[in-house]
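Take a look at the structure below.
The values are calculated or read from the model by the stated rules, or taken from the named source; none is laboratory data. Model, not experiment: these values are computed from the prediction. Positions of Cβ are backbone-derived with ideal geometry, glycine not excepted, and every protein chain shown enters the neighbour counts. All accessible areas refer to the heavy atoms of the entire protein, side chains included, with ligands and DNA or RNA removed. Shrake-Rupley method; radii C 1.70, N 1.55, O 1.52, S 1.80 Å.
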Amino acid sequence: MAEYQNYQEWQTAMTMVTLPAWDDLPKFDLYMDQVLEFVNDALAPLELGTVTATMVNNYVKKKVVLAPNKKKYSIMQVADIILLTMLKSVFSLDVIRAGMNQITMGMYPKQAYDYFTGEIMKRLKNIGEVPTVPQNDDSALALIDATIEAMISKLNAEKILSFASTVKAPTTISEIK
């Protein structure tokens, strides 16, 4: 079962994913090409696809990310783009922005971002295990936990499907034995 071995190798690779903490984000404003390079390098191990200038421009146009100041993006905007990239396969942009706004009403953006990325890395270390229901009394943290669970579950399901789809289905009953 080479497919299962490939899946296990992917699971092992996911346990080693390291996402940038807030303090690891650039301390100075970046131009678009620098933002794209930083975000794409940071998220490459998750295989989420490449972030493009068109995508970032659409985020700004839809007011999901603040417009750049003199064509430069701040640490807050870079963090938002990282989060959007991870979450857009599970939620619409409007839902993501509403969730971010809700969470940052009760938490500083740095605190929320670090909690989110830290929890993702923890969950990736256990990607093959059955998820548990978040047990958090704080509604902002519970929202983050549920969002991460949805993202990780989708990522895991897509990878299982991609490996499973390479297996040739038997064409007759005799091939099953």
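Within segment 88-119, the set of residues being modelled with pLDDT of 90 or more, within 16 Å of L48 (Cα to Cα) and either surrounded by fewer than 16 Cβ atoms within 10 Å (Cβ to Cβ) or under 13 Å from the mean Cα position of the chain (by Cα) (or both) comprises K88, T117. Tell me, please, whether a residue that is more than 16 Å from the chain's Cα centre (by Cα) and assigned to a helix (DSSP H, G or I) can be found in segment 74-87. Yes.
Within segment 1-26, residues that are surrounded by 14 or more Cβ atoms within 10 Å (Cβ to Cβ) reach partners that are among the polar types (S, T, N, Q) and not in a helix (DSSP H, G or I) with beta carbons closer than 6 Å, at six or more positions or on different chains, in the pairs E3/T166. The sole residue among L141, L124, L84 that is surrounded by 15 or more Cβ atoms within 10 Å (Cβ to Cβ), modelled with pLDDT under 85 and not β-branched (V, I, T) is L141. Scanning segment 27-52 for residues that are more than 17 Å from M76 (Cα to Cα), open to solvent by 20 Å² or more (accessible area, probe 1.4 Å) and not charged (D, E, K, R) yields A44, P45, L48, G49, T50, T52.
For segment 1-43, a residue qualifies if it is in a helix (DSSP H, G or I) and either at positive phi or among the small types (G, A, S) (or both), and the qualifying residues are A2, A13, A42.
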